[in-house]
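Nothing in this text is a laboratory measurement; each read-out follows from the coordinates by a stated rule. These numbers come from a predicted model, not from an experiment. Neighbour counts run over all protein chains shown; Cβ positions are idealised from the backbone, glycine included.
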Amino acid sequence: MKRKKVLFLITKSNFGGAQRYVYDLATTLDTDKFEIVVALGGNGPLTTLLEHAGIRTIHIKSLVRDVSLKNELRFSLELWRIIRSERPQILHVNSSKAGAVGTLLGRLAFVPRVLFTAHGWAFNEDRPWWQKFIIKLIHAATVLFSHRTIAVSRAITYELDWPIVRKKFKVINPGRNIGVMYSRAEARHELAVLCPPLTAVSDTPWLVTIAELHPIKRLDVLINAFATLSARTDANLIIIGEGQAREKLVSLITSLSLGDRVFLTGSIIEAARFLNAADSFILPSKSESYGYVIIEAGIAGVPIIATAVGGIVDIVDDTTATLIPPDNAAALSDALSLILNNRDAALEKAARLKENLKNRTVSAMTNATTALYELPLK
């Protein structure tokens with residue numbers, strides 16, 4: 001039987017949630033049935049990991065996140081040539097920019113099946129209302145141009161719940177497999193090697209988050225909440241990640257005199273391996289389309305505090321985590337205090353979540369996606 005060619009398309013080649021999703025699918029699809037190619041912008045970690053796994057990649061020079069007429073025209077022409085050259089039976093596009101252009105060109109090129117995975121909506125970011133409306137229209141068009149749109153969480157479908165696009169959605173929660181994780185002592189030692197100031201606080205409780213340093217993650221709210229708590233505990237806050245908000249966060253930490261209590265480690269590849277170092281995991285996001293890190297903390301058995309937003313509630317509820325409203329430093333500070341002072345109850349919730357996540361695997365996600373690849377078109 002001739003294999004079907006699957007051409008994945010994604011805007012950036014860093015290793016965030018959308019990139020992990022593409023990597024997991026590309027490396028777990030049945031190679032007896034599918035030939036896999038990934039087209040992407042940049043030369044980041046995703047490119048390296050895919051090539052190491054033996055997946056052919058196509059670098060699109062003009063595929064960059066910044067929007068301009070010149071860039072979009074160049075990208076459209078380059079992608080059109082790739083689609084016509086590769087002639088995939090399945091075009092699976094990911095991320096907003098690649099999605100908008102890719103679904104349209106895929107239809108114009110008569111690709112037999114065009115799928116779009118919605119990992120989040122750009123209209124949830126802090127923008128003027130008119131920009132949000134225009135972006136929402138573009139997202140709606142992307143969904144309509146696809147044969148089917150995979151939503152990584154129920155929240156994705158609620159946020160773009162227009163009758164004309166509703167029938168296109170299929171919710172498939174991503175799974176997560178983590179390799180060998182460090183023990184608590186090993187994780188703390190290795191993190192201290194990567195961030196030497198942690199050596200001085202290795203015997204204290206660690207409150208940990210893994211997040212892009214981006215305003216939507218509301219790490220400033222977390223730091224302010226920790227500042228309220230810091231005088232009453234010897235716990236320390238460790239923030240793993242990198243991003244555009246670093247300078248502002250450093251300034252906030254300095255202004256609150258927390259330079260010896262709050263640590264920015266920078267980006268760490270496969271940071272999930274270090275989660276046993278944590279006494280609690282916190283995700284204070286204003287918006288979260290899914291939340292891979294919540295699954296990672298759940299697999300590690302670490303007590304979780306998270307905002308009850310977006311796809312987070314597809315993973316946890318009040319019986320498996322401590323849920324709080326977004327943008328509420330007082331509620332977050334209270335939750336931090338409660339989880340530090342009621343360790344047994346927090347660990348019971350964590351154990352319940354770990355059990356719940358046993359079936360949320362990459363293979364389950366891949367099987368559900370393969371079924372869409374093979375489903376006859378209506």
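With a ≥ b ≥ c taken as the square roots of the eigenvalues of the C-alpha gyration tensor of the chain, please select rounded if a/c is under 1.5 and otherwise prolate if a/b is larger than b/c or oblate if it is not? Cα axes put the chain in the prolate bin.
Taking packing as the residue-averaged number of other Cβ atoms within 10 angstrom, the listed peptides 105-112, 127-134 run from highest to lowest as 105-112, 127-134. Of all the options 315, 150, 55, the one that moves most in a Gaussian network model of the chain with Cα springs shorter than 10 angstrom is 55. For a straight C-alpha distance cut-off of 12 angstrom, the aspartates and glutamates reachable from residue 4 (same-chain residues fewer than eight places away being disregarded) are 30, 32, 35, 86, 374.
In this structure, the residue pairs whose Cα-Cα separation is over 30 Å, taken from 132/358; 217/354; 2/168; 33/70; 168/248, are 132/358; 33/70; 168/248.
Taking the Cα centre of the chain as origin and assigning +1 to Lys and Arg Cβ atoms and -1 to Asp and Glu Cβ atoms, the resulting dipole is close to 1880 debye.
Among residues other than residue 327 with Cβ under 14 Å from its Cβ, the summed charge is 0 (Lys and Arg +1, Asp and Glu -1). Short-range pairs are left out: with C-alpha atoms under 8 Å and at least six residues apart, the relative contact order of the range 184-358 is 23 percent. How many angstrom lie between the C-alpha centres of the range 274-343 and the range 193-242? The distance from the Cα centre of the range 274-343 to that of the range 193-242 comes to 14 Å. Straight-distance candidates among the lysines for linking to residue 12, with alpha-carbon spacing under 17 Å and chain neighbours fewer than 8 residues away dropped: 61, 97.
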